[in-house]
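Below is one structure, written out as structure tokens, with a few remarks after it.
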Amino acid sequence: MTHKVYPKIFRIGVTQDWDSNWFSDKKYKENLKEDWKIREVLTKEFNKGVIEKINIKRLGEKINIIIRTARPGLLIGRGGGGVETLSKKISKVLGKKEVKIDIEEVREPSISASLLAQQIAIDFERRVPYKRAVKRAIGRALQGGKIKGIKIRVKGRLDGVEIGRNELFRKGRLPLQTIRADIDYGEARAECTYGSVGIKVWIYKGEADIPGKTRYKGEKSS
């Protein structure tokens, strides 16, 4: 029997990093709850397809939130007013703690697993047939030739059928058992009129260059 492993956790410290970068012995529970509140505020504030990743860093009582997005103008607003409003809203939720927000632009959203999963969820909610939505997403991801493989799994009452099922779509290589493989993983949920549909996306971007790691004899470089 096989064991299911979350792709990002499997590669932490090799090709992936933590989404929350801080350490606390005494305030661990409190900080964890605050992180959850921050992510909840941001996901409710913006629609699907806007935010790719939220990274939280702490230095004492100061909280630095780095938001990776495909639409930075929407978050920044006119004259940076959007960021200031967002900071005040999060600070109020956390009990008036000092909050700083940095915006990073995702230059190629078509090869971001998280944004791709969110876009498929948007299509499902708009009642686009699931096969068309998934194949369109795969086509967009492979168009530039910058990725080596993609896998998408959808699960639920697809197109409103009575019995739920899951279907897998795959194209190219996807070496999930290799830690050195740069696998981008994202998931989303579509809230359709007939129920929820889960979407999972894996994107293989090639082998990561890991310092100090030597290749096995006869192993080809990508």
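Derivation of every value follows stated rules applied to the coordinates shown; laboratory data play no part. On a predicted model such as this, the values are computed, not experimentally measured, just so you know. Heads up, the Cβs are rebuilt from the backbone with ideal geometry, glycines too, and the neighbour counts pull from every protein chain shown.
Where only DSSP H runs of four or more residues are counted, the chain gives -9000 deg cm²/dmol as its mean residue ellipticity at 222 nm, each run worth -39500 (n - 2.57). For K8, a cut-off of 16 angstrom between C-alpha atoms picks up these lysines, skipping any fewer than 8 places away in its own chain: K53, K151, K200, K205. Note on the chain: with a GNM built from Cα contacts shorter than 10 Å, the maximum mean-square fluctuation among G95, G82, G195 falls on G95. Segment L32..S87, full-extension length gain: 18.0 nm, with 0.36 nm per residue of separation and the alpha-carbon distance subtracted. The length gained on full extension between V128 and F10, counted as 0.36 nm times the residue separation minus their Cα-Cα distance, comes to 39.1 nm. Counting only other residues whose beta carbon sits under 13 Å from that of K96, what net charge do I get with K and R as +1, D and E as -1? Neighbourhood net charge equals +2. The alpha-carbon of K92 sits under 20 angstrom from the alpha-carbons of these lysines, leaving out residues fewer than 8 places away in its chain: K27, K29, K33, K37, K44, K57, K62, K100. Here are labelled values, (1) 21.2, 64; (2) 18.5, 59; (3) 19.3, 58, and one is the computed Rg and Dmax of the Cα atoms in Å for what I pasted. Which one? Here Rg and Dmax of the Cα atoms in Å agrees with entry (3).
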